[in-house]
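**Student:** I have a structure here, written as structure tokens, and I will follow up with some questions on it.
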Ligand code: ACO
Ligand code: ZN
């Protein structure tokens, strides 16, 4: 079965792979899926390894983290679309603007094994071909039914903004890919006991690229070319936790606050590592304006990094998170929501509402939507009636104050949940049994929560300081 080809009518039977060039689109068997399923893919690059050709392909309509090198056996050359002769691209691949729900590999692998990039589809793992197809169909249906849906995030994608020359500094900002940054350049990383397959390009120095694996110290995040080099480093490296202040500890979970100016090298190495899993932001090296909140899990060997988020010291747009990441081996276990919960806890301490920096990735959007929905429902469900026969009352502003979720996110969440109704001249929120039950079930699975009593932190007024 073939995935339907849209909008292109210049397909050609191509008997030989030798005529394939970069920009061609054709069905390709996605690695890790059952072999009857081919997804439409675009050839991004071609290279020769020991006499045989390898093709770097992007699966059209799937997230870029599933891009991969394949050999000719994976290509279905019966229907090839050649790039337009006028040099224009017939694809959306070179400048992917859409936030796609992709398909493919399973979630973060078990400890000690190589983890495959995970992909979201309506809460289920995609591990086989039929699931990939189902995802593609679901996506199309959603698009038809709801119009923009996830793809409404398109508009968030800003203009191309690659780091200007040698400065290469600042935060992470949206950018259009160019040919180099479009392709993964690191095959594998070893971080503590985890071996992880990167999802995207990251600007590690040239000498680190083309190695079979790069070895990263899990405590200071410095990178080395070989295990031997890392062992030499570990013998000297005294860190057993991230630098900065431990501002939260409950059971084995801790948060460290790191100032991007005071701990520049650590912050830069963290950004570099994070870029391997963040597509839509460009890495800059000026970490001064940011704080980094690193979440760790403690065991007898030390405080192991599980994830982090960065936050501007001062945000004119009320952003309370710049970038957020759960390391792949820890994903889909609730840590993302824990990071988000912590970011809102900081905002509560600051007495502000906040929102994550845009654009959100596909997984970021899923996680935030889920967090917002659960947090708001928690409040609505726990409300008590004001008097006999009276319905409980709450304003949007009160929800914002209680949760520190920004007003527009509260409103969009209530709308997404389809809870707002117009009745007898006023807006009312109706909660049915079904939503209350599914909420109860979802909350039961949130085993680890942030306990505000364990947060020892006073917000700084960065605006008052002469310089960060
Ligand atoms: N497929 C389907 N659903 C998923 C997937 C997936 N691969 N990953 C997460 N989800 C859903 C979960 O089901 C959960 O929703 P639910 O509780 O309603 O079922 C929700 O997202 C959160 O799950 P967690 O386990 O708490 O989150 P996780 O630890 O996996 O972290 C995160 C989420 C941080 C977005 C992670 O996927 C990640 O690091 N991705 C790569 C980097 C990234 O995209 N960051 C966000 C960029 S936007 C920004 O930085 C502001
Ligand atoms: Zn180290």
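Laboratory data are not the source of any read-out in this text; all were calculated from the coordinates shown. This is a predicted model, so every value here is computed, not measured. Cβ coordinates were reconstructed from backbone atoms using ideal geometry, including for glycine residues, and neighbour counts include every protein chain displayed.
**Student:** What does the C-alpha gyration tensor say about the overall shape of the stretch 337-405? Classify as rounded when a/c is under 1.5, otherwise prolate if a/b is larger than b/c, or oblate.
**Tutor:** prolate
**Student:** Quick one: if the Förster radius is 60 Å, what FRET efficiency do residue 412 and residue 212 give, using the C-beta to C-beta distance and rounding to 0.05?
**Tutor:** That gives a FRET efficiency of 0.85.
**Student:** Continuing with this model, one more query. What length, rounded to one decimal in nm, is gained on full extension from residue 401 through to residue 333, with 0.36 nm per residue of separation minus their alpha-carbon distance?
**Tutor:** That works out to 21.7 nm of additional length.
**Student:** I've got another one for you. For the stretch 369-461, what Kirkwood radius comes out of the mean inverse Cα-Cα distance, in Å?
**Tutor:** 15.0 Å
**Student:** Take the alpha carbon atoms of the stretch 410-468, find their center, do the same for the stretch 332-386, and report the distance between the two centers in whole angstrom.
**Tutor:** The stretch 410-468 and the stretch 332-386 have Cα centres spaced 5 Å from each other.
**Student:** Something else about it: What nm value, rounded to one decimal, do you get for the distance between residue 178 and residue 384 when each label is placed 7 Å out toward the C-beta?
**Tutor:** My value for the distance between the label points is 6.3 nm.
**Student:** Can you sort 81, 58 so the residue with the fewest Cβ neighbours within 10 Å comes first?
**Tutor:** The most exposed by this proxy come first: 81, 58.
**Student:** Would you work out if the stretch 426-468 is rounded, prolate or oblate? Take a ≥ b ≥ c from the square roots of the eigenvalues of the alpha-carbon gyration tensor; rounded if a/c is under 1.5, else prolate when a/b is larger than b/c, oblate otherwise.
**Tutor:** Oblate is the answer for the stretch 426-468, as a/c is 1.5 or above yet b/c matches or exceeds a/b.
**Student:** 7 Å from Cα along Cα→Cβ at both residue 394 and residue 300: what's the point-to-point distance in nm?
**Tutor:** So the two model labels end up 4.6 nm from each other.
**Student:** Kirkwood Rh and Cα-based Rg: tell me the resulting Rg over Rh for the stretch 369-422, rounded to two decimals.
**Tutor:** So for the stretch 369-422, dividing Rg by the Kirkwood Rh gives 0.97.
**Student:** Modelled label-to-label distance, residue 226 and residue 451, 7 Å Cα→beta-carbon offset: nm?
**Tutor:** So the label points at residue 226 and residue 451 sit 4.7 nm apart.
**Student:** Within a 10 angstrom radius of the beta carbon, how do 340, 381, 247 rank from fewest other beta carbons to most?
**Tutor:** Ranking 340, 381, 247 by Cβ neighbours within 10 Å, fewest first, gives 381, 247, 340.
**Student:** Let me ask something additional. At a 10 Å Cβ-Cβ cut-off, how would you order 325, 377, 366, fewest neighbours first?
**Tutor:** 366, 377, 325
**Student:** Taking square-rooted eigenvalues a ≥ b ≥ c of the alpha carbon gyration tensor, is the stretch 203-310 rounded, prolate or oblate, where a/c under 1.5 means rounded and, failing that, a/b exceeding b/c means prolate?
**Tutor:** Taking the square roots of the gyration eigenvalues as a ≥ b ≥ c, the stretch 203-310 is oblate.
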